[in-house]
Amino acid sequence: MISLDSALGVEVTVDALVLVSVKRGIKEYAVASHLRIPAFRDLPRPELIRRVEEFLSGNGFNRENVFVCLPRSSVIVRELQLPLEVEENLDQVLEFQVDKLEPLEEGASYFDHLVLKRDEASKQLLIQVIMARPEEVEELLELFKELGIYPAQIGYASWGLHQVLHAHLDGHPNEAAALILRCGPTSTEFIVLTSDRQIFTDSVEYSELPDVDFLLTEAASFVSGLVDPIKEFSKIYLTGECAGEVSGALKERTEDVAILTKGLKLNFLQGLKAERDAMMPAVGLAISRMKESKRSHNLIPKEKRFVGGQPSLVPTFLLVGLLLVLAGGLFTRDFFQKQRLVEKVDAEIALLQPQVDQALRLREQVAAREKELTDLADLLQDRQGALLILKDLTERIPEETYLQNFQIQGDRVTMQGYSDQASGLLPLLLESPYLEDVKTNWITQDARSGGKDRFNFTATVKK
């Protein structure tokens with residue numbers, strides 16, 4: 001197999017460390033090697049380092065393509081719908097929102113986001129945010145530093161299962177969405193994949209493996225709660241330790257059911273087929289690092305992300321060319337003595353030309369920046385009001401309340417979300433210096449969110 005690229009996918013589970021080296025060929029991928037270290041946290045650090053170093057020494061891979069994932073239970077995933085007007089200040093707006101979603105009292109989470117959908121017609125952005133405890137991310141960074149590799153990305157396991165479909169005969173869903181069930185003895189994760197590359201995920205926990213009716217009910221409840229509910233699935237894929245136990249009963253309910261590992265365009269080297277189900281998330285992570293578009297979450301803080309580089313031979317070739325020109329001039333100087341003056345002038349022009357070109361480029365850049373600043377000033381003037389309202393609401397509403405949808409159209413404001421006591425929000429909103437005519441459209445109790453009230457309010461922006 002001709003290898004065009006390679007990557008290392010690493011899944012960190014509650015009780016194991018799984019490393020998978022994947023190579024990309026012309027038409028397919030190959031799993032070159034696999035290492036699973038159970039109870040790795042209990043191993044003495046020198047023993048853990050020794051085992052990983054033995055694995056790495058026999059498996060060359062592109063060290064810029066290392067993708068590590070946390071278990072789904074260690075990551076909080078939220079979808080937010082925000083007005084298109086906040087796009088230019090999205091990072092700041094998301095910081096406000098994450099403060100409201102913050103699960104920790106002692107400090108801020110590490111978080112990252114993806115823009116899942118940008119709808120010009122409704123002027124809405126659909127954003128997916130993932131959050132993790134800083135100490136978990138820092139622990140991984142320190143561990144892999146000791147192991148002699150540094151991850152380019154840290155995400156979550158669901159993303160790896162999503163990416164596995166790029167190496168499947170079915171491919172990624174092209175029309176209807178697909179559903180992946182990762183069935184385990186104490187939990188099942190639901191992963192929804194849409195035709196436009198969006199991914200949504202949730203999980204349910206239990207003490208013993210439930211029947212298929214329970215899993216389908218939980219999956220339907222999760223799907224119906226999405227901002228854009230899914231109406232049809234092209235196929236349901238099963239993976240995880242308990243996939244075989246669920247498969248038979250589920251196939252009696254629908255024909256469009258398949259085991260995820262069947263139909264993969266993957267070459268498993270060194271007799272690794274027996275372990276393929278357990279390595280699927282790590283395989284998907286490695287594949288995502290070798291794709292042209294590496295769009296995915298990254299929980300590593302921006303200031304700690306490694307930017308790799310490869311040596312370039314261009315300066316060497318330029319230097320060799322220059323030396324050849326000088327050597328040629330040295331041997332033929334007797335033939336060009338009469339042209340020295342011309343050569344001198346040409347040399348002076350060549351010497352000054354880079355400075356002239358740089359000055360012209362700087363002038364063009366200054367003109368472009370001036371235009372951008374003018375456009376930005378005009379844009380901020382229109383959007384400042386929306387940001388002030390959103391900031392005021394973020395500071396005003398209680399900690400147990402968060403907004404799922406916030407929209408401003410003209411002077412009309414619509415907000416939707418969850419709260420322990422939604423009826424108590426109305427007096428707080430009426431005190432806002434930016435809003436008036438605040439009205440309650442509806443308040444309902446949502447069993448999926450632990451009995452919280454789901455609310456919908458409208459208001460008018462004060463002139």
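The values are calculated or read from the model by the stated rules, or taken from the named source; none is laboratory data. Note that the structure is a prediction, hence the values are computed from the model and not measured. As a convention, Cβ positions derive from the backbone with ideal geometry for all residues, glycine included, and neighbour counts pool all protein chains shown.
Data table
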{"item": "Looking only at the stretch 158-169, and only at residues there that are outside any loop (DSSP other than H, G, I, E, B) and hydrophobic (A, V, I, L, M, F, W, C), the one that is farthest from the chain's Cα centre (by Cα)", "result": "Ala167"}
{"item": "Test: residue in the stretch 188-207 that is surrounded by fewer than 20 Cβ atoms within 10 Å (Cβ to Cβ) and under 19 Å from Ala278 (Cβ atoms)", "result": "yes"}
{"item": "Of all residues in the stretch 132-157 being in contact with a strand residue (DSSP E or B) (Cβ under 8 Å, 6 or more places away or on another chain) and part of a loop (DSSP other than H, G, I, E, B), the one that is farthest from Glu64 (Cα to Cα)", "result": "Arg133"}
{"item": "Neighbours by Cβ (under 9 Å, 6+ apart or cross-chain): first from the stretch 125-153, farther than 17 Å from Asp112 by Cα; second among the acidic types (Asp, Glu)", "result": "Leu147/Glu53; Gly148/Glu53"}
{"item": "Qualifying position, being over 29 Å from the mean Cα position of the chain (by Cα) and either surrounded by 14 or more Cβ atoms within 10 Å (Cβ to Cβ) or within 21 Å of Val98 (Cβ to Cβ) (or both), among Leu393, Leu428, Leu387, Leu403", "result": "Leu428"}
{"item": "Residue list for the stretch 76-92, filter: β-branched (Val, Ile, Thr) and in contact with an Asp or Glu (Cβ under 9 Å, 6 or more places away or on another chain)", "result": "Val77"}
{"item": "Test: Ser423 is surrounded by 15 or more Cβ atoms within 10 Å (Cβ to Cβ) and either assigned to a loop (DSSP other than H, G, I, E, B) or small (Gly, Ala, Ser) (or both)", "result": "no"}
{"item": "Condition broken by Thr188, with the remaining ones in (1) touching a Cys at 6+ places or on another chain (Cβ under 9 Å); (2) among the polar types (S, T, N, Q); (3) over 29 Å from Asn405 (Cα atoms) satisfied", "result": "(3)"}
{"item": "So Ala157, is it surrounded by 20 or more Cβ atoms within 10 Å (Cβ to Cβ) and either within 19 Å of Arg289 (Cα to Cα) or touching a residue at least 24 places away in the same chain (Cβ under 8 Å) (or both)", "result": "yes"}
{"item": "Test: residue in the stretch 360-382 that is assigned to a helix (DSSP H, G or I) and under 20 Å from Leu80 (Cα atoms)", "result": "no"}
{"item": "Filtered residues of the stretch 1-29 (kept if among the small types (Gly, Ala, Ser) and either touching a Pro at 6+ places or on another chain (Cβ under 6 Å) or surrounded by fewer than 17 Cβ atoms within 10 Å (Cβ to Cβ) (or both))", "result": "Ser3, Ala16, Gly25"}
{"item": "Answer residue from the stretch 220-262, given it is surrounded by fewer than 18 Cβ atoms within 10 Å (Cβ to Cβ) and under 22 Å from the mean Cα position of the chain (by Cα) and is farthest from Asn405 (Cα to Cα) among those", "result": "Pro229"}
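Conditions tested, residue by residue: (1) closer than 30 Å to Ile149 by Cα; (2) among the small types (Gly, Ala, Ser); (3) at pLDDT below 85; (4) surrounded by 19 or more Cβ atoms within 10 Å (Cβ to Cβ).
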| residue | (1), (2), (3), (4) |
| --- | --- |
| His34 | yes, no, no, yes |
| Val52 | yes, no, no, yes |
| Val66 | yes, no, no, yes |
| Glu95 | no, no, yes, no |
| Phe111 | yes, no, no, yes |
| Leu125 | no, no, no, yes |
| Val129 | yes, no, no, yes |
